[in-house]
Structures are given as C-alpha cells and as structure tokens.
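As structure tokens, the structure follows; a few thoughts come after it.
The values are calculated or read from the model by the stated rules, or taken from the named source; none is laboratory data. Treat the numbers as computed from the prediction; the structure is a model and nothing was measured. Ideal geometry is used to build each Cβ from the backbone, glycine not excepted, and the neighbour counts take in all protein chains shown.
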Amino acid sequence: MHAHTGSLVLTNAQVWDGKQQGFSQRDVIIEDGFVVDSPRGTPDNIVDAADSWVIPGLIDAHFHAYATSMDGLEIERGPLSFAAINGSVRLAKALNRGFTTVRDVAGGDIGLQRAVDAGIFASPRYLFTGSALSQTGGHGDPRSAHVDICFSHGHMCEVVDGVDNLRVAVRERLRTGAHAIKVMTSGGVFSLTDPLAIPQYSDEELRAVTDEATRRGSYVTAHSYSVEAVRHSIENGVRCIEHGNLIDAATAERMSELRSVLVPTLSAYDAMNRRGADLGLNQTSLTKNLEVLSHGQEAIQMALAAGVRIGFGTDLMGDLEDDQLRGVELQVEAIGAADTLHAMTVGNAQVLRDPRLGTLSVGGVGDAVVLKGNPLEEPSVLWDEASHTQVIQRGRVVA
C-alpha cells in the first residue's frame, strides 16, 4: 500500500458502496487512507459532492506496464530502462482515468513496485506477477517459426519447460515480491506459432505451478481462451482465467463449481481490430484476433449466468493503452452498467483477494472516483474521462 495518505470528506454524495449494488446518499469520510465512520480531527479537504455520484476507485486486473510495443521481440529484449520509464507514464495515465489499482499480469518487478510505493511518480496501487511462464512455442515465446534465435526470457515472459524448472521459477517470483503467478495455457493473438485452442503445458507441469503458488498462499492466473484450455487450467488448480473468449456454457458451469474467476479483456480485441494494422501488428495476430473478437461479450454473459465471479481487465499493448476506458464501454454493452461497475470494484477485489479494495464501506481503502452523472442512468460517465471530476487515492485528490 502507498505510504502517502490524506484525510478527506465528501459531503452529501450519492455513493456506490461497492459491496451492495446501487447508490445511497451519505458522506464519505477518509482518514489515514481508509474509510471511517466519523472524523477524528479536522480533515485536510472537505468537498461538497451534492450533485455528484461517487464510486470506489476502479481496478484494472489485466494491465501491462512494460508493453511498450506491438512487436513481441522488441518488448522482450529492448532496454529495461526504457520499458520501466515508459511503464511509469502508462501507470500515471491509468490513474488519471480513475484506475487506482492495477494488477500487472506478465511483467513488472519489485523495482517498479518500489518506485510506486515510494511515490516517485503518480501511479495506481501496483501488483505484479513478474514474467509470465510459457512453454517453448507457447504464447509467451515471441519467435516466429522461421527465425533461428535463442530466447529464454524477457521483460514480460519467460520460457520454462519441465516440472522442476517450473517449481524453481515460481519460487523465484514469490521470493521477489510477485503478487501471483501468470502462466500461459493456450495459444494467443499476439504470439506467432501457437494455435489458439490447444492447451499448453502438461498436467504435471501445470500442477507443479499451482502447487507451489498455493502452498505459498498465492494463486495462479492463466492466459486461456478455448474450452479445452480453460478446462485444462481449472482442473489443474488454476484459480483465475484471463480472457476466456471461447468458453461454452458447460465450461462456465464448471468454472462456477470450482469457484474460478474470469477476467475479460474486451478492449484488447476491439483496439487491435480497429487500430492494429495501422500500428504495425502482424497479419498472423490480426487473423487470430478476428477469431476471438466476436465471442468475448458472449463469454461474459455465459459466465455471469453460471454464477462465475467476473472481473475486468484491458490487456492493451503499445500505443493501444489509451483505449483503457473503451473496455468499460464494451463490458457495459455485454452485461450492463451495474454488473460492470461491480466487476471493476468488488469483483476485481475478489480476484486480488483484498476485501479492502473496491468498496467505500468502513474499513475500505479510501480510493474513489467522483462522477458528473449517475452511471446507472448515463453509463457513458464511466468511460468519458471528462466526466471524472476527481480521482481520489487513499484520501488524496490525485487527478
């Protein structure tokens, strides 16, 4: 958690509590960075929010600080100093949009987290997995088939094969501060040599990863698209599914039975479809993207109907990062404003396993976004950055 906090009172606000859907009028009192029931002293700041709607700070559970390019090898093997400095800019922009917490799944490291926690630059609360784990030729392997070069690791992914090697890799990530472990269990849009549907890693390899993470009190989240890959993941102990575009109703039911969570990333496919070619995205990725583009909203609907807990993520690479709020609009189109708002707050707090996030109840972290209108009646205020009149992080107005 950030060390920099403040005390603030929002008076007469229409407040989305987070734990319960809907708005009620009340004051929000934040002291020492947390919501309290009554002030203990004179607050630093008192804001009349009589004509405003206040929601908890938003959470992006699929963010990539180091995704500096649309080219996989450039991302992985370019200078880490550039990736980190560029990542600080990406994080600051996310905070300005109202995202007060992000989870970096595939990338990030303890150095970037230390800089965030020290307040060296403006940033959401930052949780990272470190480099995602990929099998040779899997989604995290950026090599095209005809290129004869060695690749073992980069800033966002590491190629690790075999049970013993995977155990060591998980232990090293947890030693160096990783919030969770990211593993690639299906093909992907951005990678060049792996079919989307085929599961990646053997049962034994995947079990080694989930066993190590669970024993340490952490969890595993998996990049996974297809029915086969998602079932392979959840039956072998993976707790969270990223994307999940190609699931069916039966798989959604099984996810619910196993208490798996789904983090959709609708903005990524929409952005790649509209802008990818102009930004130099290769034809292989553009073709794969068309396969998953149309199914993403249907997958969320199936999962929600089955009782799967739903989060929210964006997964934007390179210059596409400015489409972050477009993901909100797409998820609202799929499941409505109330369920999307729940997903970006309490839903993602459940993904991150931190009940202090995503709520403005007493004891919650004092993160909030002040909106010009009621998002249940005017959903566009959620994705219109100009409608975010203030962004508050731990009791301090930061945007």
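Evaluate the range 292-312: report whether one residue or more is buried (at least 16 other Cβ atoms within 10 Å of the Cβ) and under 26 Å from ASP27 (Cβ atoms). So far as the range 292-312 goes, no, none of its residues is buried (at least 16 other Cβ atoms within 10 Å of the Cβ) and under 26 Å from ASP27 (Cβ atoms).
Within the range 248-260, is there a residue that is closer than 30 Å to THR68 by Cα and out of contact with any Lys or Arg (no Cβ under 7 Å at 6 or more places or on another chain)? Talk me through it step by step, then tell me what you get.
Kept after step one, since they are closer than 30 Å to THR68 by Cα, are these residues of the range 248-260: none.
No, the range 248-260 contains no residue that is closer than 30 Å to THR68 by Cα and out of contact with any Lys or Arg (no Cβ under 7 Å at 6 or more places or on another chain).
When restricted to residues that are over 24 Å from GLU378 (Cα atoms), touching a residue at least 12 places away in the same chain (Cβ under 8 Å) and touching a helix residue (DSSP H, G or I) at 6+ places or on another chain (Cβ under 8 Å), the range 333-363 contains 2. Of the candidates LEU80, LEU73, LEU91, the single residue that is under 26 Å from the mean Cα position of the chain (by Cα) and under 16 Å from ALA122 (Cα atoms) is LEU91.
Residue check: ILE46 meets all listed conditions (1) touching a residue at least 40 places away in the same chain (Cβ under 8 Å); (2) of a type outside the set (Gly, Ala, Ser); (3) surrounded by fewer than 18 Cβ atoms within 10 Å (Cβ to Cβ); (4) closer than 13 Å to ILE392 by Cα but one, namely (1). Summed over the range 264-286, the residues that are touching a strand residue (DSSP E or B) at 6+ places or on another chain (Cβ under 9 Å) and either acidic (Asp, Glu) or not in a helix (DSSP H, G or I) (or both) give a count of 2. Scanning the range 223-263 for residues that are part of a strand (DSSP E or B), over 10 Å from VAL308 (Cβ atoms) and not aliphatic (A, V, I, L, M) yields HIS223, SER224, TYR225, SER226, CYS240, GLU242, HIS243, ASN245. Please tell me if SER233 is under 22 Å from THR136 (Cα atoms), touching a residue at least 12 places away in the same chain (Cβ under 8 Å) and out of contact with any Asp or Glu (no Cβ under 6 Å at 6 or more places or on another chain). Yes: the conditions hold for SER233.
With respect to GLY18, determine if the residue is assigned to a loop (DSSP other than H, G, I, E, B) and in contact with a helix residue (DSSP H, G or I) (Cβ under 9 Å, 6 or more places away or on another chain).
Details: assigned to a loop (DSSP other than H, G, I, E, B): yes; in contact with a helix residue (DSSP H, G or I) (Cβ under 9 Å, 6 or more places away or on another chain): yes.
Yes; evaluated as a whole, the condition is true for this residue.
Considering (1) surrounded by 18 or more Cβ atoms within 10 Å (Cβ to Cβ); (2) within 30 Å of THR221 (Cβ to Cβ), the lone condition that GLU31 does not fulfil carries the number (2).
Taken over the range 165-195, the criterion of being surrounded by fewer than 24 Cβ atoms within 10 Å (Cβ to Cβ), in a loop (DSSP other than H, G, I, E, B) and among the polar types (S, T, N, Q) is satisfied by THR176, THR193.
Looking at SER233, SER218, SER267, SER226, which one is small (Gly, Ala, Ser), crowded, with 24+ Cβ neighbours inside 10 Å and under 18 Å from ARG103 (Cα atoms)?
Details: SER233 fails: under 18 Å from ARG103 (Cα atoms); SER218 fails: crowded, with 24+ Cβ neighbours inside 10 Å; SER226 fails: under 18 Å from ARG103 (Cα atoms).
The match here is SER267.
When the range 19-39 is examined, which residues are found to be under 20 Å from GLN390 (Cβ atoms) and in contact (Cβ under 8 Å) with a residue 60 or more places away in the chain? Of everything in the range 19-39, those that are under 20 Å from GLN390 (Cβ atoms) and in contact (Cβ under 8 Å) with a residue 60 or more places away in the chain turn out to be PHE23, VAL28, ILE30, GLU31, ASP32, GLY33, PHE34, VAL35, VAL36.
Of the residues contained in the range 35-48, none is found to be in contact with a Pro (Cβ under 7 Å, 6 or more places away or on another chain) and modelled with pLDDT of 85 or more. Residue pairs whose Cβ atoms lie under 9 Å apart, separated by 6 or more positions or on different chains, with the first residue in the range 102-131 and farther than 22 Å from ILE241 by Cα and free of Cβ contacts under 8 Å to residues at least 60 places away in the same chain and the second buried (at least 21 other Cβ atoms within 10 Å of the Cβ) and charged (D, E, K, R), are LEU112/ASP104. Look at the range 249-272: where a residue is closer than 10 Å to GLY327 by Cα and a partner is assigned to a strand (DSSP E or B), sitting 6+ places away or on another chain with Cβ atoms under 6 Å, you get THR265/HIS62; THR265/HIS243. For GLN135, state whether it is in contact with a Gly (Cβ under 7 Å, 6 or more places away or on another chain), buried (at least 18 other Cβ atoms within 10 Å of the Cβ) and closer than 25 Å to PRO264 by Cα. So GLN135 does not fit the description; no.
Scan the helices (runs of 4 or more DSSP H) fully inside the range 287-399 and keep the ones with 2 or more residues being over 17 Å from VAL15 (Cα atoms) and under 18 Å from the mean Cα position of the chain (by Cα).
Values: elements: 296-306, 326-335, 337-342, 348-352.
So the answer is 296-306, 326-335, 348-352.
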